[in-house]
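Asker: Take a look at the following structure, please.
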Amino acid sequence: MISRGLSHYQSVQKCGVELENRAFFEKIMERAGLYNIAFLQNRALLETILELPDEQVDAHMMQKVEKLLLWLEQTQEEAKLS
C-alpha cells in the first residue's frame, strides 16, 4: 500500500512540474512574440536551454553567448529581408 501511495505521489508531482514548465515556456514564448524574437518562440530550443545544468558562467563564456545571440538576431533580420 505504501509503495502504491509513493508511486502515485511521484506521478502527481511529475505532472505538476511538467505543467509548471509548460506554463513557463508559454510565458517566454508569448513575450518573445511581443518583442518579435523568433528563436525564443521555438519550444524545443527553449527546453534545451532551460535543461542546461546550473553553473557559474565566466565573462568569456558570456561574451560567446552574446555573440551567438547577436548572430541569431542578424540571421533573423537577413531572413526577413530575403
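The values are calculated or read from the model by the stated rules, or taken from the named source; none is laboratory data. Everything numeric here is computed off the predicted structure, so don't read it as measured data. Backbone-built Cβ (ideal geometry, glycine too); neighbour counts: all protein chains shown. Accessible surface areas use protein heavy atoms only, side chains included; no ligands, DNA or RNA. Shrake-Rupley method; radii C 1.70, N 1.55, O 1.52, S 1.80 Å.
Asker: Being under 14 Å from the mean Cα position of the chain (by Cα) and open to solvent by 100 Å² or more (accessible area, probe 1.4 Å) is the filter; apply it to segment 30-44 and report the residue that is farthest from Glu18 (Cα to Cα).
Answerer: Ranking the qualifying residues of segment 30-44, first place goes to Arg31.
Asker: Let me ask something else about it. Residues of segment 45-82 being farther than 17 Å from Ile28 by Cα and polar (S, T, N, Q), which ones?
Answerer: Listed by number, the residues that qualify are Gln56, Gln63, Gln74, Thr75, Gln76, Ser82.
Asker: Restricting to segment 14-65, what's the tally of residues that are over 18 Å from Gln76 (Cα atoms) and among the basic types (Lys, Arg)?
Answerer: Going through segment 14-65 one residue at a time, the tally reaches 4.
Asker: Filter segment 70-82 down to residues that are open to solvent by 80 Å² or more (accessible area, probe 1.4 Å) and not basic (Lys, Arg) and give me whichever is nearest to Ile37 (Cα to Cα).
Answerer: First, the residues of segment 70-82 that are open to solvent by 80 Å² or more (accessible area, probe 1.4 Å): 70-71, 73-74, 77-78, 80-82.
Checking the rest, the ones that are also not basic (Lys, Arg) come to 70-71, 73-74, 77-78, 81-82.
Details: Leu70: 11, Trp71: 13, Glu73: 8, Gln74: 11, Glu77: 10, Glu78: 14, Leu81: 15, Ser82: 17 Å.
Out of the qualifying residues, it is Glu73.
Asker: Between Glu47, Glu20, Glu55, which is acidic (Asp, Glu) and either open to solvent by less than 90 Å² (accessible area, probe 1.4 Å) or in contact with a Pro (Cβ under 7 Å, 6 or more places away or on another chain) (or both)?
Answerer: Of Glu47, Glu20, Glu55, the one residue that is acidic (Asp, Glu) and either open to solvent by less than 90 Å² (accessible area, probe 1.4 Å) or in contact with a Pro (Cβ under 7 Å, 6 or more places away or on another chain) (or both) is Glu47.
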